[in-house]
1. It is to be established whether one or more residues within segment 28-40 are at pLDDT 95 or above, surrounded by fewer than 18 Cβ atoms within 10 Å (Cβ to Cβ) and in a helix (DSSP H, G or I).
2. If you go through segment 42-60 one residue at a time, do you hit one that is closer than 18 Å to residue 201 by Cα, in the same structural domain as residue 191 (by TED's automatic domain parsing), surrounded by 24 or more Cβ atoms within 10 Å (Cβ to Cβ) and at pLDDT 95 or above?
3. Does residue 65 fit the bill of being in contact with a helix residue (DSSP H, G or I) (Cβ under 8 Å, 6 or more places away or on another chain) and at pLDDT 95 or above?
4. Consider residue 54 carefully, then state whether it is in a loop (DSSP other than H, G, I, E, B) and in contact with a helix residue (DSSP H, G or I) (Cβ under 9 Å, 6 or more places away or on another chain).
5. Checking residue 119 against (1) farther than 21 Å from residue 156 by Cα; (2) touching a strand residue (DSSP E or B) at 6+ places or on another chain (Cβ under 6 Å); (3) not assigned by TED's automatic domain parsing to the domain that holds residue 17, which single condition isn't satisfied?
6. Might you let me know whether segment 158-174 holds any residue that is modelled with pLDDT of 95 or more, in a helix (DSSP H, G or I), surrounded by fewer than 21 Cβ atoms within 10 Å (Cβ to Cβ) and in contact with a helix residue (DSSP H, G or I) (Cβ under 9 Å, 6 or more places away or on another chain)?
């Protein structure tokens, strides 16, 4: 039974929710084309507290989407959460970005593949079963026409995330269901952070780092 501030910045969606007992009370998010997290994140945090008539000191914990995802987005989110945890003396809870994304799909059979764009034909992905249990570990993979062919033979497979667009160009199978225009959100973090809070599954605030999955590579700006 907890009041948790949830923060999601792993993609272009800057998302903040305030949840109680696993239910979202207030949600504020914006999915602009660029990464405006540095400018908007703290404004969103202020807004969810004002909307709920609560104070930061009222919360029991702060949860952050830990990745994989955008290097810059993750750094901003985790740095902000660490500052809040230190200032408020509250525990830090980390939530798998792909797990929360998978929770946006409700289905009775088959598998779900949450996937985030990792440039070119590569994605960060995982596979979850209908009980939302991890069936295949999170990894960075290069997509081909044979990707997921084993589970597609006998199962419906739901693909979700900003990696779906490139996946559709390669995979053409009747069991493949593509859910487009969906990004990780702090809304789905509400239940997951509550479950972790109940188990006292928290992170060391001083030493916690985002789950980048791959080393950061700086790209040159296009002219």
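1. Looking through segment 28-40, none of the residues is at pLDDT 95 or above, surrounded by fewer than 18 Cβ atoms within 10 Å (Cβ to Cβ) and in a helix (DSSP H, G or I).
2. No, segment 42-60 contains no residue that is closer than 18 Å to residue 201 by Cα, in the same structural domain as residue 191 (by TED's automatic domain parsing), surrounded by 24 or more Cβ atoms within 10 Å (Cβ to Cβ) and at pLDDT 95 or above.
3. Numbers: in contact with a helix residue (DSSP H, G or I) (Cβ under 8 Å, 6 or more places away or on another chain): yes; at pLDDT 95 or above: yes.
It is true that residue 65 is in contact with a helix residue (DSSP H, G or I) (Cβ under 8 Å, 6 or more places away or on another chain) and at pLDDT 95 or above.
4. Yes: the conditions hold for residue 54.
5. (2)
6. No, segment 158-174 contains no residue that is modelled with pLDDT of 95 or more, in a helix (DSSP H, G or I), surrounded by fewer than 21 Cβ atoms within 10 Å (Cβ to Cβ) and in contact with a helix residue (DSSP H, G or I) (Cβ under 9 Å, 6 or more places away or on another chain).
The values are calculated or read from the model by the stated rules, or taken from the named source; none is laboratory data. Everything numeric here is computed off the predicted structure, so don't read it as measured data. Backbone-built Cβ (ideal geometry, glycine too); neighbour counts: all protein chains shown.
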